[in-house]
Amino acid sequence: MKAHNKWLTAPLAAGLAAATLSGCGTDKDAGAGDGSGTIVVGMSDEVLATDPATGYDPGSWLLFNNVFQSLLSFPKGATTPQPEAADRCEFDKGASTVYRCTLRDGLKFSNGNPLTAEDVKFSFERALKIDDKNGPGPLLSTIDKIETPDDKTVVFTLKVPDATFPSKIASGAGSIVDHREYPADGLRTDGRAVGSGPYKLESFSDEKAVFSVNPEYKGTAKVKNDGITLKFYDGNRKALAEGLTKGDVDVAYRGLDSEDIQKLNGSPTAGQKGIEVIEGSSAEVQHLVFNMKDPVAGKLGVRKAIAHLVDRQALVQDVYQSTATPLYSIVPAGILGHNTAFFDRYGDRPQPELAKKALQEEGIKGKVEITLYSTPSRYGPGTNEQLGAIAKQLNDSGLFDARVKSVEYDQYEKDIQAGKYGVYIKGWVPDYPDPDNFTQPFFGEDNVLGNHYENTKITGTIIPDTAAAADRSSAQDDFDRLQNLVAEDIPLLPLWQAKQYAVAHNTITGLEWTLDASTVFRFWEIKKG
(Lines give C-alpha, C1' and ligand atoms only; values in the text may rest on other atoms or scores of the structure.)
Protein backbone atom coordinates (compact mmCIF):
# COMPACT_ATOMS: atom_id res chain seq x y z
CA MET A 1 0.00 0.00 0.00
CA LYS A 2 1.35 3.38 -1.03
CA ALA A 3 1.82 5.93 1.73
CA HIS A 4 -0.67 8.78 1.81
CA ASN A 5 -1.38 11.91 3.79
CA LYS A 6 -4.68 11.45 5.64
CA TRP A 7 -3.06 12.54 8.90
CA LEU A 8 -4.90 14.25 11.71
CA THR A 9 -4.51 17.99 11.24
CA ALA A 10 -4.90 18.60 14.97
CA PRO A 11 -6.28 16.80 17.97
CA LEU A 12 -10.00 16.87 17.46
CA ALA A 13 -10.27 18.94 20.53
CA ALA A 14 -7.54 21.07 19.10
CA GLY A 15 -9.30 21.20 15.79
CA LEU A 16 -13.05 20.78 15.86
CA ALA A 17 -14.30 17.75 14.19
CA ALA A 18 -16.44 15.36 11.89
CA ALA A 19 -19.75 12.38 11.22
CA THR A 20 -22.26 8.75 10.28
CA LEU A 21 -30.61 3.73 9.94
CA SER A 22 -29.92 7.05 7.82
CA GLY A 23 -33.08 9.13 7.60
CA CYS A 24 -34.47 7.66 4.40
CA GLY A 25 -36.36 10.29 2.45
CA THR A 26 -38.44 9.43 -0.57
CA ASP A 27 -36.98 10.17 -3.98
CA LYS A 28 -39.18 13.24 -4.06
CA ASP A 29 -38.19 14.80 -0.75
CA ALA A 30 -34.68 13.40 -0.27
CA GLY A 31 -33.03 16.32 -1.98
CA ALA A 32 -35.32 19.11 -0.86
CA GLY A 33 -34.60 21.33 2.12
CA ASP A 34 -37.44 22.00 4.56
CA GLY A 35 -37.18 25.76 4.64
CA SER A 36 -35.11 26.02 7.80
CA GLY A 37 -32.62 28.33 6.12
CA THR A 38 -28.97 28.35 5.12
CA ILE A 39 -26.48 27.49 7.86
CA VAL A 40 -23.01 29.03 8.14
CA VAL A 41 -20.28 26.66 9.34
CA GLY A 42 -16.91 28.12 10.31
CA MET A 43 -13.81 25.95 9.92
CA SER A 44 -10.09 26.62 10.27
CA ASP A 45 -9.08 23.69 8.03
CA GLU A 46 -8.56 24.28 4.35
CA VAL A 47 -10.38 22.41 1.61
CA LEU A 48 -7.41 21.55 -0.56
CA ALA A 49 -9.31 20.04 -3.48
CA THR A 50 -12.72 19.86 -5.13
CA ASP A 51 -11.74 16.92 -7.38
CA PRO A 52 -12.01 13.55 -5.58
CA ALA A 53 -9.07 12.17 -7.55
CA THR A 54 -6.90 14.22 -5.21
CA GLY A 55 -7.33 15.95 -1.83
CA TYR A 56 -6.61 13.40 0.88
CA ASP A 57 -7.34 15.81 3.74
CA PRO A 58 -10.28 16.18 6.16
CA GLY A 59 -11.52 19.42 4.59
CA SER A 60 -11.62 18.00 1.07
CA TRP A 61 -13.34 14.82 2.18
CA LEU A 62 -15.96 16.94 3.94
CA LEU A 63 -16.76 18.44 0.53
CA PHE A 64 -16.67 15.05 -1.22
CA ASN A 65 -19.04 13.43 1.28
CA ASN A 66 -21.69 16.08 0.68
CA VAL A 67 -21.35 16.82 -3.03
CA PHE A 68 -20.64 13.34 -4.42
CA GLN A 69 -22.39 10.03 -3.94
CA SER A 70 -20.64 6.73 -3.37
CA LEU A 71 -22.13 3.33 -4.09
CA LEU A 72 -22.37 2.78 -0.33
CA SER A 73 -22.32 5.07 2.71
CA PHE A 74 -22.12 4.79 6.48
CA PRO A 75 -25.43 5.31 8.30
CA LYS A 76 -25.13 7.73 11.19
CA GLY A 77 -23.70 6.05 14.25
CA ALA A 78 -22.84 2.85 12.35
CA THR A 79 -19.62 1.26 11.09
CA THR A 80 -21.14 -1.07 8.47
CA PRO A 81 -21.72 0.50 5.04
CA GLN A 82 -25.16 0.40 3.43
CA PRO A 83 -26.35 1.09 -0.15
CA GLU A 84 -26.43 4.74 -1.24
CA ALA A 85 -26.13 5.30 -5.02
CA ALA A 86 -26.44 1.52 -5.26
CA ASP A 87 -29.70 -0.31 -4.68
CA ARG A 88 -27.65 -3.31 -3.52
CA CYS A 89 -24.04 -4.52 -3.47
CA GLU A 90 -22.63 -7.94 -2.58
CA PHE A 91 -19.77 -10.34 -3.15
CA ASP A 92 -20.59 -13.13 -5.62
CA LYS A 93 -21.16 -16.43 -3.86
CA GLY A 94 -18.01 -18.52 -3.92
CA ALA A 95 -16.04 -15.62 -5.38
CA SER A 96 -14.70 -13.36 -2.62
CA THR A 97 -12.83 -11.32 -5.22
CA VAL A 98 -15.93 -10.39 -7.25
CA TYR A 99 -18.06 -7.53 -5.90
CA ARG A 100 -21.25 -6.66 -7.76
CA CYS A 101 -23.39 -3.51 -7.39
CA THR A 102 -26.74 -2.60 -8.92
CA LEU A 103 -27.56 1.12 -9.12
CA ARG A 104 -30.73 2.86 -7.96
CA ASP A 105 -33.25 3.85 -10.62
CA GLY A 106 -33.23 7.41 -11.93
CA LEU A 107 -29.89 8.63 -10.58
CA LYS A 108 -28.81 12.03 -11.91
CA PHE A 109 -25.92 14.41 -11.41
CA SER A 110 -26.66 17.94 -10.25
CA ASN A 111 -26.35 19.16 -13.87
CA GLY A 112 -29.19 16.84 -14.90
CA ASN A 113 -27.03 14.24 -16.65
CA PRO A 114 -27.95 10.62 -15.91
CA LEU A 115 -25.61 8.66 -13.62
CA THR A 116 -24.97 5.18 -15.01
CA ALA A 117 -22.54 2.31 -14.52
CA GLU A 118 -20.29 4.01 -17.06
CA ASP A 119 -19.75 6.91 -14.64
CA VAL A 120 -18.93 4.56 -11.76
CA LYS A 121 -16.36 2.67 -13.85
CA PHE A 122 -14.92 5.96 -15.14
CA SER A 123 -14.58 7.43 -11.63
CA PHE A 124 -12.60 4.52 -10.20
CA GLU A 125 -10.43 3.98 -13.27
CA ARG A 126 -9.73 7.71 -13.46
CA ALA A 127 -8.53 7.91 -9.85
CA LEU A 128 -6.26 4.91 -10.38
CA LYS A 129 -4.91 6.24 -13.69
CA ILE A 130 -4.15 9.73 -12.35
CA ASP A 131 -2.62 8.15 -9.22
CA ASP A 132 -2.19 11.53 -7.56
CA LYS A 133 0.11 11.46 -4.53
CA ASN A 134 -2.70 12.94 -2.44
CA GLY A 135 -5.41 10.87 -4.08
CA PRO A 136 -7.42 7.80 -3.04
CA GLY A 137 -5.30 5.31 -5.00
CA PRO A 138 -4.11 3.37 -1.93
CA LEU A 139 -7.69 2.54 -0.96
CA LEU A 140 -8.49 1.31 -4.47
CA SER A 141 -5.29 -0.65 -5.04
CA THR A 142 -6.96 -4.09 -4.80
CA ILE A 143 -9.09 -3.42 -7.92
CA ASP A 144 -8.02 -5.57 -10.89
CA LYS A 145 -10.73 -4.70 -13.39
CA ILE A 146 -14.21 -3.15 -13.59
CA GLU A 147 -16.95 -4.35 -15.91
CA THR A 148 -20.37 -2.86 -16.73
CA PRO A 149 -22.69 -5.52 -18.21
CA ASP A 150 -25.45 -2.92 -18.45
CA ASP A 151 -26.22 0.67 -17.41
CA LYS A 152 -27.15 -0.29 -13.86
CA THR A 153 -24.60 -3.01 -13.04
CA VAL A 154 -20.98 -2.59 -11.96
CA VAL A 155 -18.75 -5.62 -11.33
CA PHE A 156 -15.41 -5.20 -9.54
CA THR A 157 -12.86 -8.00 -9.82
CA LEU A 158 -10.26 -7.72 -7.07
CA LYS A 159 -6.63 -8.84 -7.16
CA VAL A 160 -6.91 -10.45 -3.72
CA PRO A 161 -9.77 -11.13 -1.29
CA ASP A 162 -10.61 -7.82 0.37
CA ALA A 163 -13.50 -7.84 2.82
CA THR A 164 -12.91 -4.16 3.56
CA PHE A 165 -13.60 -3.15 -0.05
CA PRO A 166 -17.21 -2.10 0.72
CA SER A 167 -15.96 0.21 3.48
CA LYS A 168 -13.28 1.67 1.22
CA ILE A 169 -15.71 2.57 -1.55
CA ALA A 170 -18.18 3.96 1.01
CA SER A 171 -15.57 6.60 1.87
CA GLY A 172 -14.59 9.69 -0.09
CA ALA A 173 -12.45 7.39 -2.24
CA GLY A 174 -15.65 6.07 -3.82
CA SER A 175 -16.92 9.46 -5.03
CA ILE A 176 -18.70 9.17 -8.40
CA VAL A 177 -18.09 11.91 -10.97
CA ASP A 178 -19.78 12.71 -14.30
CA HIS A 179 -17.59 11.28 -17.09
CA ARG A 180 -18.67 14.17 -19.34
CA GLU A 181 -17.35 16.77 -16.89
CA TYR A 182 -13.96 15.38 -15.82
CA PRO A 183 -10.82 14.61 -17.85
CA ALA A 184 -9.89 10.93 -17.78
CA ASP A 185 -6.17 11.51 -17.34
CA GLY A 186 -5.86 14.76 -15.43
CA LEU A 187 -7.28 16.72 -12.51
CA ARG A 188 -10.02 19.29 -12.80
CA THR A 189 -8.54 22.66 -11.91
CA ASP A 190 -11.43 25.16 -12.17
CA GLY A 191 -12.58 24.79 -8.55
CA ARG A 192 -15.93 23.39 -9.62
CA ALA A 193 -17.51 20.06 -8.74
CA VAL A 194 -20.32 18.07 -10.32
CA GLY A 195 -21.70 15.18 -8.29
CA SER A 196 -24.98 13.48 -7.42
CA GLY A 197 -24.88 13.96 -3.65
CA PRO A 198 -27.34 15.88 -1.45
CA TYR A 199 -25.64 19.23 -2.20
CA LYS A 200 -24.38 21.23 -5.17
CA LEU A 201 -21.20 23.30 -4.91
CA GLU A 202 -22.36 26.74 -6.06
CA SER A 203 -19.08 28.58 -5.52
CA PHE A 204 -15.65 28.05 -4.02
CA SER A 205 -13.01 30.61 -3.01
CA ASP A 206 -10.28 31.15 -0.43
CA GLU A 207 -12.87 32.72 1.88
CA LYS A 208 -15.84 30.38 1.59
CA ALA A 209 -17.63 27.56 -0.18
CA VAL A 210 -21.36 27.82 -0.85
CA PHE A 211 -23.52 24.70 -1.11
CA SER A 212 -27.15 24.53 -2.21
CA VAL A 213 -29.52 21.58 -1.94
CA ASN A 214 -29.30 19.34 -5.01
CA PRO A 215 -32.85 18.83 -6.39
CA GLU A 216 -31.66 15.88 -8.52
CA TYR A 217 -30.42 13.86 -5.54
CA LYS A 218 -31.83 10.37 -4.94
CA GLY A 219 -30.45 8.49 -1.97
CA THR A 220 -30.81 7.84 1.73
CA ALA A 221 -30.21 11.36 3.08
CA LYS A 222 -33.12 13.57 4.11
CA VAL A 223 -31.92 17.18 3.91
CA LYS A 224 -32.98 19.34 6.87
CA ASN A 225 -31.77 22.79 5.71
CA ASP A 226 -31.79 25.03 2.66
CA GLY A 227 -28.03 25.01 2.13
CA ILE A 228 -24.67 25.38 3.81
CA THR A 229 -22.03 28.09 3.61
CA LEU A 230 -18.61 26.90 4.71
CA LYS A 231 -16.54 29.86 5.91
CA PHE A 232 -12.76 29.39 6.08
CA TYR A 233 -10.68 30.92 8.88
CA ASP A 234 -7.26 29.73 7.71
CA GLY A 235 -6.10 28.49 11.11
CA ASN A 236 -7.14 31.68 12.93
CA ARG A 237 -8.69 30.30 16.14
CA LYS A 238 -9.38 33.73 17.60
CA ALA A 239 -11.25 34.91 14.52
CA LEU A 240 -13.28 31.70 14.42
CA ALA A 241 -14.26 32.05 18.10
CA GLU A 242 -15.18 35.70 17.53
CA GLY A 243 -17.20 34.77 14.45
CA LEU A 244 -19.21 32.35 16.55
CA THR A 245 -19.86 34.76 19.45
CA LYS A 246 -20.76 37.61 17.06
CA GLY A 247 -23.16 35.39 15.16
CA ASP A 248 -21.22 35.47 11.88
CA VAL A 249 -21.24 31.68 11.94
CA ASP A 250 -23.82 29.25 13.32
CA VAL A 251 -21.42 26.37 13.91
CA ALA A 252 -17.67 26.27 14.65
CA TYR A 253 -16.18 23.04 13.37
CA ARG A 254 -12.51 21.99 13.23
CA GLY A 255 -10.61 24.94 14.58
CA LEU A 256 -11.10 25.74 18.25
CA ASP A 257 -8.51 24.17 20.53
CA SER A 258 -9.04 22.40 23.84
CA GLU A 259 -8.66 25.63 25.85
CA ASP A 260 -11.32 27.36 23.76
CA ILE A 261 -13.70 24.44 24.19
CA GLN A 262 -13.09 24.27 27.92
CA LYS A 263 -13.88 27.98 28.26
CA LEU A 264 -17.05 27.72 26.20
CA ASN A 265 -18.36 24.53 27.77
CA GLY A 266 -20.97 25.75 30.25
CA SER A 267 -19.52 29.25 30.59
CA PRO A 268 -21.84 32.15 31.51
CA THR A 269 -20.77 34.11 28.41
CA ALA A 270 -21.54 31.20 26.10
CA GLY A 271 -24.82 30.63 27.90
CA GLN A 272 -25.85 34.25 27.54
CA LYS A 273 -25.19 34.11 23.81
CA GLY A 274 -26.94 30.75 23.44
CA ILE A 275 -23.77 28.86 22.53
CA GLU A 276 -23.48 25.15 23.25
CA VAL A 277 -20.66 22.59 23.01
CA ILE A 278 -21.68 19.30 21.39
CA GLU A 279 -19.42 16.33 22.12
CA GLY A 280 -19.23 13.16 20.05
CA SER A 281 -17.07 10.10 19.62
CA SER A 282 -14.10 9.86 17.29
CA ALA A 283 -11.66 7.28 15.96
CA GLU A 284 -8.88 9.82 15.32
CA VAL A 285 -5.68 8.94 17.15
CA GLN A 286 -2.17 10.15 17.86
CA HIS A 287 1.00 8.10 18.36
CA LEU A 288 4.61 8.58 19.39
CA VAL A 289 6.55 6.81 16.62
CA PHE A 290 10.00 5.19 16.94
CA ASN A 291 12.49 4.86 14.10
CA MET A 292 13.56 1.23 14.38
CA LYS A 293 16.91 1.98 12.70
CA ASP A 294 17.80 4.86 15.01
CA PRO A 295 20.87 4.13 17.20
CA VAL A 296 18.94 5.12 20.35
CA ALA A 297 15.19 4.68 19.69
CA GLY A 298 15.97 1.51 17.74
CA LYS A 299 16.86 -0.26 20.99
CA LEU A 300 13.94 -2.21 22.45
CA GLY A 301 15.03 -1.40 26.03
CA VAL A 302 14.77 2.32 25.32
CA ARG A 303 11.30 1.94 23.85
CA LYS A 304 10.19 -0.21 26.78
CA ALA A 305 11.48 2.38 29.23
CA ILE A 306 9.53 5.14 27.47
CA ALA A 307 6.41 2.95 27.46
CA HIS A 308 6.77 2.53 31.24
CA LEU A 309 7.19 6.27 31.82
CA VAL A 310 4.65 8.08 29.62
CA ASP A 311 1.60 9.19 31.61
CA ARG A 312 -1.28 9.47 29.14
CA GLN A 313 -3.76 10.56 31.81
CA ALA A 314 -1.62 13.59 32.60
CA LEU A 315 -1.29 14.46 28.90
CA VAL A 316 -5.02 14.45 28.18
CA GLN A 317 -5.86 16.32 31.39
CA ASP A 318 -3.08 18.90 31.48
CA VAL A 319 -2.44 19.52 27.79
CA TYR A 320 -5.83 18.75 26.23
CA GLN A 321 -8.16 19.53 29.16
CA SER A 322 -9.80 16.09 28.88
CA THR A 323 -10.90 16.69 25.28
CA ALA A 324 -9.22 13.38 24.41
CA THR A 325 -8.98 10.01 26.13
CA PRO A 326 -5.89 7.86 26.79
CA LEU A 327 -5.24 5.24 24.11
CA TYR A 328 -3.60 1.92 24.91
CA SER A 329 -3.57 0.19 21.54
CA ILE A 330 -3.42 0.89 17.81
CA VAL A 331 -7.11 0.12 17.22
CA PRO A 332 -9.17 2.77 19.04
CA ALA A 333 -12.18 2.19 21.26
CA GLY A 334 -15.44 1.90 19.35
CA ILE A 335 -13.79 0.01 16.48
CA LEU A 336 -14.09 -3.76 16.12
CA GLY A 337 -11.05 -5.58 17.52
CA HIS A 338 -9.96 -2.89 20.00
CA ASN A 339 -7.98 -4.17 22.97
CA THR A 340 -5.75 -2.61 25.65
CA ALA A 341 -2.44 -4.29 24.81
CA PHE A 342 -0.22 -1.42 26.02
CA PHE A 343 -2.20 -1.01 29.25
CA ASP A 344 -1.92 -4.73 29.94
CA ARG A 345 1.83 -4.75 29.33
CA TYR A 346 3.00 -1.34 30.61
CA GLY A 347 0.22 -0.06 32.87
CA ASP A 348 -1.41 3.37 33.00
CA ARG A 349 0.94 5.16 35.39
CA PRO A 350 4.72 5.83 35.30
CA GLN A 351 6.79 2.92 36.64
CA PRO A 352 10.40 4.17 36.90
CA GLU A 353 11.73 0.93 38.39
CA LEU A 354 10.48 -1.11 35.44
CA ALA A 355 11.86 1.51 33.05
CA LYS A 356 15.25 1.32 34.78
CA LYS A 357 15.20 -2.47 34.55
CA ALA A 358 14.46 -2.32 30.81
CA LEU A 359 17.46 -0.04 30.22
CA GLN A 360 19.72 -2.22 32.36
CA GLU A 361 18.71 -5.31 30.40
CA GLU A 362 19.64 -3.40 27.24
CA GLY A 363 23.07 -2.76 28.78
CA ILE A 364 22.52 0.99 28.97
CA LYS A 365 24.30 2.92 31.71
CA GLY A 366 23.76 6.59 32.42
CA LYS A 367 21.02 8.84 31.09
CA VAL A 368 19.59 8.23 27.64
CA GLU A 369 19.92 11.30 25.42
CA ILE A 370 17.01 11.57 23.05
CA THR A 371 15.18 14.20 20.96
CA LEU A 372 11.42 14.20 20.43
CA TYR A 373 10.34 15.84 17.17
CA SER A 374 7.13 17.86 16.87
CA THR A 375 5.29 19.72 14.10
CA PRO A 376 2.52 21.97 15.43
CA SER A 377 1.69 23.32 11.97
CA ARG A 378 0.15 19.93 11.16
CA TYR A 379 -1.02 18.53 14.48
CA GLY A 380 -2.15 21.65 16.30
CA PRO A 381 -0.78 24.18 18.78
CA GLY A 382 -0.87 21.67 21.65
CA THR A 383 1.70 19.40 19.98
CA ASN A 384 4.79 21.20 21.27
CA GLU A 385 3.30 21.37 24.76
CA GLN A 386 2.47 17.68 24.64
CA LEU A 387 5.99 16.69 23.55
CA GLY A 388 7.40 18.98 26.23
CA ALA A 389 5.26 17.23 28.83
CA ILE A 390 6.45 13.82 27.63
CA ALA A 391 10.08 14.97 27.75
CA LYS A 392 9.55 16.17 31.32
CA GLN A 393 7.99 12.83 32.29
CA LEU A 394 11.05 11.04 30.92
CA ASN A 395 13.50 13.42 32.55
CA ASP A 396 11.74 13.33 35.93
CA SER A 397 12.55 9.61 36.10
CA GLY A 398 16.25 10.46 36.18
CA LEU A 399 16.80 7.98 33.33
CA PHE A 400 16.57 10.31 30.32
CA ASP A 401 17.93 13.58 29.02
CA ALA A 402 15.10 14.32 26.60
CA ARG A 403 14.53 17.48 24.61
CA VAL A 404 11.97 18.64 22.03
CA LYS A 405 12.57 20.09 18.59
CA SER A 406 9.77 21.65 16.54
CA VAL A 407 9.94 21.52 12.73
CA GLU A 408 7.66 22.89 10.00
CA TYR A 409 5.57 20.14 8.43
CA ASP A 410 7.11 20.01 4.93
CA GLN A 411 10.61 19.62 6.33
CA TYR A 412 9.32 17.30 9.04
CA GLU A 413 7.97 14.81 6.51
CA LYS A 414 11.15 14.94 4.41
CA ASP A 415 13.30 14.29 7.48
CA ILE A 416 11.15 11.35 8.57
CA GLN A 417 11.47 9.76 5.16
CA ALA A 418 15.23 10.34 5.31
CA GLY A 419 15.37 8.58 8.69
CA LYS A 420 16.72 11.64 10.53
CA TYR A 421 14.41 11.41 13.55
CA GLY A 422 14.46 8.77 16.28
CA VAL A 423 11.14 9.73 17.92
CA TYR A 424 8.34 11.78 16.38
CA ILE A 425 4.59 12.43 16.44
CA LYS A 426 2.05 11.09 13.98
CA GLY A 427 -1.73 11.38 14.01
CA TRP A 428 -4.28 9.46 11.97
CA VAL A 429 -7.71 10.22 10.55
CA PRO A 430 -9.40 6.94 9.58
CA ASP A 431 -10.61 6.52 6.02
CA TYR A 432 -13.31 4.10 7.15
CA PRO A 433 -14.29 2.68 10.57
CA ASP A 434 -12.70 -0.77 10.33
CA PRO A 435 -9.65 -2.10 12.25
CA ASP A 436 -7.94 -2.72 8.92
CA ASN A 437 -7.54 1.04 8.51
CA PHE A 438 -5.53 1.25 11.73
CA THR A 439 -3.27 -1.68 10.89
CA GLN A 440 -2.58 -2.16 7.18
CA PRO A 441 -1.55 1.47 6.51
CA PHE A 442 0.82 1.36 9.52
CA PHE A 443 2.46 -2.01 9.01
CA GLY A 444 1.95 -2.93 5.36
CA GLU A 445 4.29 -2.26 2.47
CA ASP A 446 5.40 1.41 2.12
CA ASN A 447 3.52 2.22 5.32
CA VAL A 448 2.67 5.74 6.41
CA LEU A 449 4.82 5.67 9.55
CA GLY A 450 8.16 5.62 7.72
CA ASN A 451 9.82 4.02 10.76
CA HIS A 452 11.35 0.87 9.19
CA TYR A 453 9.29 -1.52 11.30
CA GLU A 454 8.81 -5.00 9.86
CA ASN A 455 7.11 -8.00 11.42
CA THR A 456 6.60 -10.91 9.02
CA LYS A 457 3.84 -12.43 11.17
CA ILE A 458 1.87 -9.23 10.71
CA THR A 459 2.61 -8.59 7.04
CA GLY A 460 2.75 -12.19 5.85
CA THR A 461 -0.16 -13.74 7.73
CA ILE A 462 -2.32 -11.51 9.91
CA ILE A 463 -2.99 -8.63 7.50
CA PRO A 464 -3.87 -10.91 4.54
CA ASP A 465 -6.06 -13.11 6.78
CA THR A 466 -7.95 -10.19 8.31
CA ALA A 467 -8.42 -8.54 4.92
CA ALA A 468 -10.03 -11.71 3.58
CA ALA A 469 -12.45 -12.16 6.50
CA ALA A 470 -15.89 -11.30 5.10
CA ASP A 471 -17.36 -11.74 8.58
CA ARG A 472 -15.43 -8.97 10.32
CA SER A 473 -16.18 -10.33 13.79
CA SER A 474 -14.36 -13.54 12.84
CA ALA A 475 -11.15 -11.50 12.53
CA GLN A 476 -11.30 -10.38 16.17
CA ASP A 477 -8.68 -12.87 17.38
CA ASP A 478 -6.25 -11.97 14.60
CA PHE A 479 -6.57 -8.25 15.32
CA ASP A 480 -6.04 -9.01 18.98
CA ARG A 481 -2.85 -10.94 18.14
CA LEU A 482 -1.63 -8.11 15.91
CA GLN A 483 -2.10 -5.50 18.65
CA ASN A 484 -0.27 -7.69 21.16
CA LEU A 485 2.67 -8.12 18.77
CA VAL A 486 2.88 -4.35 18.32
CA ALA A 487 2.81 -3.82 22.09
CA GLU A 488 5.65 -6.32 22.38
CA ASP A 489 7.82 -4.72 19.67
CA ILE A 490 6.79 -1.07 20.37
CA PRO A 491 7.35 0.50 16.93
CA LEU A 492 4.99 3.19 18.19
CA LEU A 493 3.37 4.23 21.46
CA PRO A 494 -0.36 5.07 21.29
CA LEU A 495 -1.04 8.32 23.17
CA TRP A 496 -4.66 9.37 22.87
CA GLN A 497 -7.93 9.04 21.04
CA ALA A 498 -9.72 12.28 20.24
CA LYS A 499 -13.22 13.24 21.15
CA GLN A 500 -15.14 15.22 18.56
CA TYR A 501 -16.63 18.62 19.19
CA ALA A 502 -18.74 21.19 17.46
CA VAL A 503 -19.68 24.50 19.06
CA ALA A 504 -22.93 26.03 17.88
CA HIS A 505 -25.76 28.41 18.67
CA ASN A 506 -28.63 26.65 20.40
CA THR A 507 -30.86 27.28 17.37
CA ILE A 508 -28.89 24.54 15.60
CA THR A 509 -29.90 20.90 16.00
CA GLY A 510 -28.71 17.59 14.58
CA LEU A 511 -24.97 18.02 15.17
CA GLU A 512 -24.92 14.90 17.34
CA TRP A 513 -25.44 12.92 14.11
CA THR A 514 -22.28 14.39 12.59
CA LEU A 515 -19.86 13.39 15.34
CA ASP A 516 -19.15 9.67 15.24
CA ALA A 517 -16.42 7.20 14.32
CA SER A 518 -17.15 7.34 10.59
CA THR A 519 -15.62 10.87 10.39
CA VAL A 520 -18.32 11.88 7.90
CA PHE A 521 -19.70 15.39 8.52
CA ARG A 522 -23.26 15.27 7.20
CA PHE A 523 -24.49 18.69 6.17
CA TRP A 524 -28.00 17.27 5.71
CA GLU A 525 -28.45 16.37 9.38
CA ILE A 526 -28.05 19.99 10.57
CA LYS A 527 -31.15 22.10 11.10
CA LYS A 528 -31.66 25.71 12.10
CA GLY A 529 -34.57 27.05 14.07
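The values are calculated or read from the model by the stated rules, or taken from the named source; none is laboratory data. Note that the structure is predicted; figures quoted are calculated from it, not measured. Ideal geometry is used to build each Cβ from the backbone, glycine not excepted, and the neighbour counts take in all protein chains shown. These accessible areas exclude ligands, DNA and RNA; they are computed on the full protein's heavy atoms, side chains included. Shrake-Rupley method; radii C 1.70, N 1.55, O 1.52, S 1.80 Å.
Quick notes on this one:
- Per-residue Karplus couplings for segment 404-409, computed as 6.51 cos²θ - 1.76 cosθ + 1.60 with θ equal to phi - 60°, are listed in order as 10, 10, 9, 10, 5, 4 Hz, Gly and Pro entered as x.
- In sequence order, calculated HN-Hα J values of segment 467-474 (Karplus, 6.51, -1.76, 1.60; Hz; x Gly/Pro): 5, 8, 7, 4, 8, 4, 5, 6
- Surface per residue (accessible, 1.4 Å probe) for the chain, Å²: 38
- The modelled label-to-label distance between Asp87 and Thr148, using points 7 Å beyond Cα along the C-beta direction, is 1.7 nm.
- Long-range HN-HN contacts of Leu372 with modeled amide H, under 5 Å: Arg403, Val404, Lys405
- Cross-link reach list, lysines versus Lys238, counting only Cα pairs under 22 Å and skipping chain neighbours closer than eight places: Lys208, Lys246, Lys263, Lys273, Lys499
- Contact order, relative form, for segment 438-519: 18 percent (alpha carbon pairs under 8 Å, 6 or more residues apart, mean separation divided by residue count).
- Of all DSSP beta bridges in the chain, antiparallel share, percent nearest 5: 75
- Whichever lysines have a C-alpha closer than 18 Å to that of Lys414, once near sequence neighbours (fewer than 8 apart) are set aside: Lys2, Lys6, Lys133, Lys293, Lys405, Lys426
- Relative contact order, whole percent, for segment 277-408 stands at 26, derived from Cα pairs under 8 Å and 6 or more residues apart.
- Amide H contacts of Ile143 (H built 1.01 Å from N, under 5 Å, at least 5 apart or other chain): Lys159
- The order of the peptides 297-307, 184-194 by mean Cβ neighbours within 10 Å, most packed first, is 297-307, 184-194.
- Candidate aspartates and glutamates for bridging to Lys93, where Cα separation is under 18 Å - those fewer than 8 sequence places away on the same chain excluded: Glu147, Asp162, Asp471
- Descending by average beta-carbon neighbour count within 10 Å, the peptides 169-180, 482-493 line up as 169-180, 482-493, the highest first.
- Surface share of carbon and sulfur [accessible, 1.4 angstrom probe, percent] for the chain: 46
- Entries of Lys108/Lys152; Lys299/Lys357; Lys357/Lys457 with Cα pairs more than 24 Å apart: Lys357/Lys457
- Close amide H contacts of Gly37 (hydrogens built in the peptide plane, cut-off under 5 Å, sequence separation of 5 or more or a different chain): Asp226.
- Between Asp396 and Lys129, the simple label model (points 7 Å from Cα in the Cβ direction) yields a spacing of 5.9 nm.
- Relative packing of peptides 213-225, 388-400 - highest average C-beta neighbours within 10 Å first: 213-225, 388-400
- Separation of alpha-carbon centers, segment 87-165 and segment 289-309, rounded to whole Å: 43
- Working from label points 7 Å from Cα in the Cα-to-Cβ sense, the Val296 to Asp446 distance is 3.2 nm.
- With Cα atoms as the point set, the radius of gyration and Dmax of the chain evaluate to 23.1, 74 Å.
- Phi-based couplings in Hz for segment 78-92 (Karplus 6.51, -1.76, 1.60; Gly and Pro marked x): 10, 10, 10, x, 10, x, 10, 6, 7, 7, 7, 9, 6, 6, 5
- Local charge for Ala239 was computed over the other residues whose Cβ lies under 11 Å away, with Lys and Arg +1 and Asp and Glu -1, and equals +1.
- Alpha-carbon centroid distance for the pair segment 462-515 / segment 173-223, whole angstrom: 29
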